[in-house]
Each structure stands twice: as C-alpha cells, then as structure tokens.
Amino acid sequence: MKLTGKSAIVTGGASGLGAATAEALHAEGVKVALWDMNEEKGEAQAKKIGGVFVKTDVTSEENVAAALAKSIAANGSPSILINCAGIATGEKTVGKNGPHRLDGFKRTIEINLIGTFNCIRLVAAEMEKNVPDTDGGRGVIVNTASVAAFDGQIGQAAYAASKAGVAGMTLPIARDLMSIGVRVNTIAPGIFWTPMMAGMDQKIQDALAAMVPFPKRLGKPEEYASMAVEICRNGYMNGETIRLDGAIRMQPR
C-alpha cells in the first residue's frame, strides 16, 4: 500500500504504542484520527501530528460508529486501522482474597477483545467502499495482542485470554475480509517501555529488561510503530500474528 495521502485510525492513540504509531504514520504522509478515552493527552497528540482526536469507547457500538463518522468527515474514508486500545490487568484465578473477580475478567475481555473486534467490523465496512488498488486492496488492519497470548504468566488469566482471542481471530477475519480486499495482521509485543512501565521502579524495569535474550532492554514504542507501518506498506503480509519481543519466552512469574 502506498501510504501518502491515506487516512488512518489509531485506537489507544493518545499514548504509548498507539501514539508512536500515529507519529510514524504521519511521517509517511498519512492523515491520522486518534481514538482514545484520555481527552487531554489525545488532543495534545492530535495537535502534535496535525491529526484529529475523537474521544471513543471502543466497547460501544454507538460510540465507535459516531467516532468513525467524525473521522471520515475530517480525513476521508479510512484505509488503515491500528488497534492499540487495551488495558493490562493482573489477578490470580484463586488468590488471597478468594476467586478472581468475574466482573474484572469480563471487563478485560470486553475492552481488549470485544473492543478490538467492534472497531474491526465497523471500520472494515467503510473500507469496503474504498477504490481498490492494483491488487484489489482497499485497506489494512493491524491489531495488538501480546506475548501473554502464548506465555501468560501467573495472574494473567484474563489478560492472556483477551490477547489470545485477538491472535486467534486474526486469520479467520483475514479470510472473512479477503473478498473486500482488506488485510488483517496482529503484532504480539513483548515487554515494551510504555507510560505504564514508566511508573515502575527502575530496579523492576532493569529486571524485566534482563529477561529479554537479545537485545537486553525493553522494546521501544517506535519499534512497534515501525512494524505496524511495514505491515501497512507490505501488501503480501496477511493473516499473520508477529511476535515482537527480543526472543523472550515468559516464565511463570
């Protein structure tokens, strides 16, 4: 896909992996709409890249439909969707306070998995209206899973299930959307430096970095962004989940 002049939507675009990807797309000449719940950071990030911010709850059909309409009005029909919106949670199946809270498990699934699918189905329906390129392509979708989808640690039952769901639906959705020329891929990041990580003690950050075989450091948001941009650019990449993790395989704890 030739990126210049295309329109993109980045969920979770106010910070972290989403913000870095929005910046990378903007550098390629893409018009970007940021969807996030954090208005202050979202507006600031949109201003930084000359994009548009729309406060969006990815779990709501009505909210996403409204955000999509605003994004189209500002930037035109989307050719790119990057799904970075999500939450990281931790709770044992049975812990000191008893069994895992069911509402907590449901919320993680609703945001990380159902929210991702909600955006995919509604944005893909708009992509179908795009003029196809020489390969018949009308759009590309990049989702965010996690290495926890494969190597979930203690306390990650909900998080791992939500991310395994994202990885698991990648191929069937790619097959669903092949008839309308929309590619679907997923990135499964390892341990990345994000605003959430920044709040941790430096010793914890160093210990996490030491777990990575090579290079022995945390992943950089711009490395995720680079992968996302290449997936958009490379028209033959479809139906794949790519681990981006420095070869780490997570231990039980």
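The values are calculated or read from the model by the stated rules, or taken from the named source; none is laboratory data. Keep in mind that what you see is a predicted model, and the values were worked out from it rather than measured. Heads up, the Cβs are rebuilt from the backbone with ideal geometry, glycines too, and the neighbour counts pull from every protein chain shown.
Restricting to segment 1-25, count the residues that are assigned to a helix (DSSP H, G or I) and out of contact with any Gly (no Cβ under 7 Å at 6 or more places or on another chain).
Qualifying residue count for the region: 7.
Please state which of the following conditions Gly12 fails to meet, knowing it meets all the rest: (1) surrounded by 24 or more Cβ atoms within 10 Å (Cβ to Cβ); (2) on the phi < 0 side of the Ramachandran plot.
Just one mismatch for Gly12, condition (2).
Among Gly165, Gly181, which is within 14 Å of the chain's Cα centre (by Cα) and touching a residue at least 12 places away in the same chain (Cβ under 8 Å)?
The match here is Gly165.
Answer with yes or no whether Gly90 is modelled with pLDDT under 95, more than 18 Å from the chain's Cα centre (by Cα), surrounded by fewer than 16 Cβ atoms within 10 Å (Cβ to Cβ) and not in a strand (DSSP E or B).
Yes.
Go over the candidates Thr186, Thr170, Thr194 one by one and state the one that is touching a Pro at 6+ places or on another chain (Cβ under 9 Å) and surrounded by 18 or more Cβ atoms within 10 Å (Cβ to Cβ).
Unique residue meeting the criteria: Thr194.
Does segment 103-124 contain at least one residue that is part of a helix (DSSP H, G or I), loosely packed, with under 14 Cβ neighbours inside 10 Å and among the aliphatic types (A, V, I, L, M)?
no
Could you please find all residues in segment 125-155 being out of contact with any helix residue (DSSP H, G or I) (no Cβ under 6 Å at 6 or more places or on another chain), among the aliphatic types (A, V, I, L, M) and part of a helix (DSSP H, G or I)?
Ala125, Met127
Of the residues that make up segment 221-237, is at least one basic (Lys, Arg), in contact (Cβ under 8 Å) with a residue 60 or more places away in the chain, more than 24 Å from Glu110 (Cβ to Cβ) and out of contact with any helix residue (DSSP H, G or I) (no Cβ under 9 Å at 6 or more places or on another chain)?
yes
Taking only segment 205-253 into account, find how many residues are assigned to a helix (DSSP H, G or I) and either hydroxyl-bearing (Ser, Thr, Tyr) or exposed (fewer than 11 other Cβ atoms within 10 Å of the Cβ) (or both).
The total comes to 3.
Can you find a residue that is in contact with a Phe, Trp or Tyr (Cβ under 8 Å, 6 or more places away or on another chain) and either closer than 14 Å to Cys84 by Cβ or of a type outside the set (Phe, Trp, Tyr) (or both) anywhere in segment 176-183?
no
May I ask you to list the residues in segment 18-45 that are more than 13 Å from Val229 (Cβ to Cβ) and charged (D, E, K, R)?
Lys31, Asp36, Glu39, Glu40, Lys41, Glu43
Which pairs do you get when a residue that is free of Cβ contacts under 8 Å to residues at least 40 places away in the same chain and farther than 19 Å from Gly86 by Cβ, found in segment 12-36, comes within reach of a residue that is buried (at least 24 other Cβ atoms within 10 Å of the Cβ) and of a type outside the set (Ser, Thr, Tyr), reach meaning Cβ atoms under 6 angstrom, with the pair 6+ apart or on two chains?
From residues that are free of Cβ contacts under 8 Å to residues at least 40 places away in the same chain and farther than 19 Å from Gly86 by Cβ, the pairs are His26/Val32.
Among the candidates Ala210, Ala225, Ala188, which residue alone is under 21 Å from Lys163 (Cβ atoms) and out of contact with any Phe, Trp or Tyr (no Cβ under 8 Å at 6 or more places or on another chain)?
The unique qualifying residue is Ala225.
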